[in-house]
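Data block below; observations after.
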Amino acid sequence: MVGIKELCKRPELFSSGHRACAGCGEALAVRQILLAAPQPVVAVMPTGCLEIFSSIYPHSAWQVPTIHTAFETSASTASGVEAALRFRKKMGRLQEEINLIAFGGDGGTYDIGFQALSGAMERRHKFLYICTDNEGYMNTGIQRSSATPYGASTTTSPAGDLIPGKTQHRKDIVEIMIAHDVAYAGQTTVALWRDLMTKVEKALAAPGPSFLNVLVPCPLGWGYRPGETIRISQLAADTCFWPIYEFADGRYKINYTPKEKLPVEEFLKTQGRFSHLFGAEGGRAIVAELQRYVDAKWSLLQKKQEALCTP
Amino acid sequence: MILAKTGNEALALAMKHINPDVVAAYPITPSTEIVQIFSTYVADGAVDSEFVAVESEHSAMAACIGAAASGCRTMTATASQGLALMHEMLFIAGGLRLPIVMSVASRALSSPLNIHGDHSDSLASRDSGWLQFFCETVQEGYDTLIQAVKIAERASLPAICAIDGFILSHCLERIETFEEKDVRDWLGPYRASYDLLDLKKPILVGPATLQDYYYEFKRGQIEGMNRALPVIEEVQAEFRKRFGRGYDVVEEYRTEDAEAVLFLMGSACGTVREAVDALRLAGKKVGMVKLRVYRPWPHQLLKPLLQRFKAVGVLDRADTVSSWGGHLFTELSSTLYDAPQRPKLLSYVYGLGGKEFTPEDAAGIFAEVLSGSKPEMVTYVGVRS
């Protein structure tokens with residue numbers, strides 16, 4: 001694992017001057033990921049916030065070769081790039097060992113690009129797919145995705161007089177990726193930068209396709225002040241709302257256990273998207289259901305950690 | 001070598017001779033066999049290609065784009081619903097100026113579901129920035145696919161090589177193929193106009209462009225299509241010189257003194273040839289103009305050529321569902337609008353969903369075209385009312 005002293009010496013591969021909002025969790029994550037990844041790296045990105053804030057022609061924040069095609073096509077485009085890598089290696093038309101990283105937001109990963117991702121993992125293309133998960137379609141204006149948590153108010157699951165925000169729990173994408181027998185899968189968040197960077201290194205070293213889900217708070221979409229991104233990201237880990245764990249070689253491993261597991265409410269009350277749950281009638285029940293869900297998932301994860309889950 | 005091959009077998013064989021770097025494809029009737037046969041070449045080590053059996057046509061084209069941008073000669077094959085599912089990605093391949101070459105076994109679009117041949121699929125993709133070639137025979141399919149690779153790469157545009165579904169894709173024909181080595185030598189190694197994997201020169205492929213640059217990118221792409229016609233003619237000449245046979249962008253059959261001609265694309269040209277021969281025996285001055293290249297639209301060639309005739313029957317194997325006929329009719333009407341001498345244009349739609357089109361149908365059309373008039377604006381040949 002890389003130390004902070006060495007990190008300071010590494011060149012910035014995701015340069016400053018891009019157009020992300022102040023406090024953007026995704027921009028922080030991409031910068032840390034590119035710093036962590038052994039070079040050379042080639043990146044694939046989808047249409048979305050990342051592409052819009054980093055690559056408006058004639059500017060680019062990317063100091064590594066990068067391709068963008070469409071919204072739902074990070075995994076499928078990466079499949080083609082990876083096939084090209086294999087072909088060129090085989091034919092002696094490429095000498096370097098390139099690390100291929102495909103980025104996707106939660107919309108492009110859990111929803112519209114889900115089939116392409118599943119196909120790419122099943123075909124075992126060797127690349128690292130990273131979902132920068134901000135729990136909704138933020139680029140188009142904060143719509144609900146299948147990553148949006150229960151109870152959250154978005155512009156297409158608005159908290160109204162009758163319906164109190166999103167009425168379903170999120171999809172467990174990491175479990176779905178583990179079910180694809182990926183070589184490495186992990187979940188983390190930007191506040192735990194060292195964990196994130198270690199996971200990038202491990203994922204790229206794994207002998208096959210790998211997947212990382214990174215929670216990236218979004219000030220605009222979640223409704224908080226830009227300076228709070230890291231604190232909220234940390235609270236997601238400390239409440240176990242966002243378990244920090246990995247899966248490799250048939251074993252689950254929890255990488256971060258909070259010293260004191262905080263009530264999920266501590267995370268929820270920092271954000272505008274959950275504000276309707278506090279004070280309004282019925283809100284307590286939704287918070288209670290979220291707590292039950294978080295506890296159940298955490299407890300299940302602890303049990304999984306004890307078992308060997310290999311085919 | 002002289003062989004008996006179906007259209008699909010011939011296109012698969014052409015792919016073997018081409019030996020593309022990467023092929024990403026998904027099965028769909030009636031083009032399935034092309035990649036199915038090609039995958040046996042991969043399994044037997046007869047080609048160097050990496051074959052990616054993707055989970056959808058959308059992913060097929062996305063993977064082709066990724067591979068082509070990464071410095072690889074890239075091919076695929078599809079039809080109908082598959083081409084429709086690719087639609088979004090077709091525009092991206094075109095906009096990125098990637099010379100991906102795709103076989104299409106032309107098939108009707110649902111609904112209602114139909115697996116048989118017509119031109120609805122490729123023609124619905126006409127504005128996506130792809131070169132489009134339509135073939136009359138299996139032989140032409142084999143030859144055109146090989147040519148398309150060179151044309152696409154020289155023009156920096158993707159290309160569709162279309163054979164009529166079932167009518168050609170599943171029709172056994174005597175074809176003459178080339179030596180594999182000769183095809184590979186003629187094509188030469190792939191030289192990408194840009195390369196994502198060039199680490200010495202990191203690039204960003206597919207940036208966001210707003211009001212200040214998008215239009216300029218598009219204008220460049222349009223210019224690429226404008227310049228494609230001479231590239232096609234150049235490659236056709238090179239092909240003819242190397243292999244001793246060849247094709248033109250627009251081909252004429254018995255038009256020397258013709259008064260009435262039919263204008264069309266694809267396998268029905270063979271049917272029309274037969275009708276022309278029979279009518280010529282009866283002393284009728286009829287002929288045929290066959291369009292091989294639909295994109296770029298060769299208006300420079302069509303305008304002077306078609307002015308020579310009194311009347312032109314335009315046969316479309318697809319309809320625009322606009323009440324104004326098919327694609328060829330509407331585009332030819334525009335092309336001839338300001339011609340000094342305008343022939344009478346008569347619009348016919350035929351053969352949708354693989355509906356049989358016979359020499360008798362063609363003879364009936366010729367009778368109307370020779371008379372210079374018909375009752376309806378658009379005639380739907382052979383349809384039951």
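Placing R0 at 60 angstrom, the Cβ-Cβ distance between B:Arg245 and A:Gln115 gives a FRET efficiency of 0.85 after rounding to 0.05. Look at where the Cα atoms of the stretch B:356-385 and of the stretch B:107-153 average out, and the two centres are 25 Å apart.
Quick check: from the Cα gyration tensor, does the stretch B:250-380 come out rounded (a/c under 1.5), prolate or oblate? Taking the square roots of the gyration eigenvalues as a ≥ b ≥ c, the stretch B:250-380 is rounded.
Inter-chain neighbour count for A:50-61: the average number of beta-carbon atoms from partner chains within 10 Å of each residue's beta-carbon is 4. Its DSSP H runs of at least 4 residues, each contributing -39,500 (n - 2.57), put the calculated 222 nm mean residue ellipticity of the protein assembly as shown at -12000 deg cm²/dmol, to the nearest 500. Averaged over peptide A:96-107, the number of partner chain Cβ atoms lying within 10 Å of each residue's Cβ comes to 1. Candidates B:Leu262, B:Leu332, B:Phe357 compared by Cα position along the dipole of the stretch B:250-380: farthest toward the positive end lies B:Leu332, with charges placed on Cβ. In terms of its C-alpha gyration tensor, the stretch B:10-56 comes out oblate, because a/c is 1.5 or above while a/b does not outweigh b/c. The calculated FRET efficiency for A:Arg231 paired with B:Arg191, based on their beta-carbon distance and R0 = 60 Å, is about 0.70. Its relative contact order, with pairs defined as Cα atoms under 8 Å and 6+ residues apart, puts chain B at 16 percent. In the stretch A:4-306, a dipole from Cβ-located charges (positive for Lys and Arg, negative for Asp and Glu) runs towards its positive end, and of A:Ser15, A:Ala248, A:Pro40 it is A:Pro40 whose Cα lies farthest in that direction. Here the label points at B:Leu113 and B:Ser371, each 7 Å from Cα along the C-beta direction, are separated by 4.2 nm in the simple model.
Positive contributions from Lys and Arg (+1) and negative ones from Asp and Glu (-1), summed over other residues with Cβ under 12 Å from the Cβ of B:Arg107, come out at -2. Modelled spin labels at A:Ala296 and A:His59, positioned 7 Å past Cα toward Cβ, are 4.7 nm from each other. For the pair B:Arg280 and B:Glu223, the difference between a 0.36 nm per residue extended length and the Cα-Cα distance amounts to 16.3 nm. How would you classify the protein assembly as shown from its alpha-carbon gyration tensor, with a ≥ b ≥ c the square roots of the eigenvalues: rounded for a/c under 1.5, else prolate if a/b is greater than b/c, otherwise oblate? Verdict is prolate for the protein assembly as shown.
Centre-to-centre separation between the Cα atoms of the stretch B:1-77 and those of the stretch A:284-311: 46 Å. Among the helices of chain A, none built from whole DSSP H runs has Cα atoms reaching 30 Å or more along its own axis together with a mean Kyte-Doolittle hydropathy of at least 0.5. Legend: mean number of C-beta atoms from other chains within 10 angstrom of residue C-beta atoms, peptide B:93-100, equals 1.
Summing +1 for each Lys or Arg and -1 for each Asp or Glu among the other residues whose beta-carbon sits under 14 angstrom from that of A:Lys303 gives +1. The spacing between the stretch A:9-61 and the stretch A:104-177, judged by their C-alpha centroids, is 21 Å. Listed peptides A:40-53, B:280-293 appear in the order A:40-53, B:280-293 once ranked by packing, highest mean of other Cβ atoms within 10 Å at the front.
Beta-bridge orientation, the protein assembly as shown: approximately 25 percent antiparallel, per DSSP, counting only bridges with both partners inside.
Net charge dipole, the protein assembly as shown: roughly 1120 debye, given to the nearest 20, about the Cα centre with Cβ charges of +1 for Lys and Arg and -1 for Asp and Glu. Dipole orientation for chain B: of the candidates B:Val52, B:Ala155, B:Phe366, B:Phe366 has the Cα lying most toward the positive pole (charges on Cβ; Lys, Arg +1; Asp, Glu -1). Using a cut-off of 12 Å between beta-carbons, work out the net charge of the residues near A:Met177 (Lys and Arg +1, Asp and Glu -1, A:Met177 not included). It works out to a net charge of -4. Between A:Gln95 and A:Arg19, the simple label model (points 7 Å from Cα in the Cβ direction) yields a spacing of 4.0 nm. Quick one: dipole size for the stretch B:2-241, taken about the Cα centre, charges +1 on Lys/Arg Cβ and -1 on Asp/Glu Cβ, in debye to the nearest 20. Once rounded to the nearest 20, the dipole reads 460 debye. Among B:102-113, A:290-301, the peptide with the highest mean count of other Cβ atoms within 10 Å heads the list, and the full ranking is B:102-113, A:290-301. About its Cα centre, the dipole of chain A is roughly 640 debye, where the only charges are +1 on Lys and Arg Cβ and -1 on Asp and Glu Cβ.
Quick note: the coordinates plus some simple rules give every number you see, no bench work behind them. Computed from a predicted model, the values in this text were never measured in an experiment. Virtual Cβ from ideal backbone geometry, glycine too; neighbours counted across all protein chains shown.
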